[in-house]
Amino acid sequence: MTKVNTTSKKMKTSASPRVRILIGAATALGPGKVGLLQAIDAHGSISGAAREMSMSYRRAWMLVDTMNSCFTSDLVVTSTGGKGGGGAEVTELGHEVMRRYRDMEEKAAKSVATEARAFAKLLKDPAIDA
């Protein structure tokens, strides 16, 4: 995946790794699921997180269910709706998982920074292809 830096006059392309944690055939955690956890934490609901991420509630719920089943306890807990409405909360374990994932992501990026810069030079400029 390429990242585009728009802070300079000329657009520059840089390459960075995307970390995925696999458990058997299931992706227990990756950038999308961590983004979903962060959105749930910000909105206090799966539906609000799904809207922010432009995905269906069903898809968001399935991702939460997969994450919850891959870890020793739930990363997200929900409360049922009603007069006050329902909601979702990222658990303490969920917060720890997000922190550890971001740490791994940062370490991975640092460890391949030189190679990623060299690789980025091989890529077409996305501004030219637009």
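Every read-out reported here was derived from the displayed coordinates using simple, explicitly stated rules and does not represent laboratory data. Quantities reported herein were computed from a predicted structural model and do not represent experimental measurements. Cβ atoms come from the backbone with ideal geometry, glycine included; neighbour counts cover every protein chain shown.
For segment 45-130, state which trypsin sites (Lys or Arg not before Pro) are in a DSSP loop and have at most 11 other beta carbons lying within 10 Å of their beta carbon. All intermediate terms of the calculation are to be shown ahead of the outcome.
Values: sites: Arg51, Arg58, Arg59, Lys83, Arg99, Arg100, Arg102, Lys107, Lys110, Arg117, Lys121, Lys124; in loops: Lys83, Lys121, Lys124.
Counting only loop positions with at most 11 other Cβ atoms within 10 Å, the trypsin sites (Lys or Arg not before Pro) in segment 45-130 are Lys83, Lys121, Lys124.
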**OP:** Evaluate E = 1/(1 + (r/R0)^6) for His43 and Lys107, where r is the Cβ-Cβ distance and R0 equals 22 Å; express this FRET efficiency to the nearest 0.05.
**Re:** 0.15
Original post:
Rg and Dmax of segment 31-104, Cα atoms, in Å?
Top reply: 11.7, 41
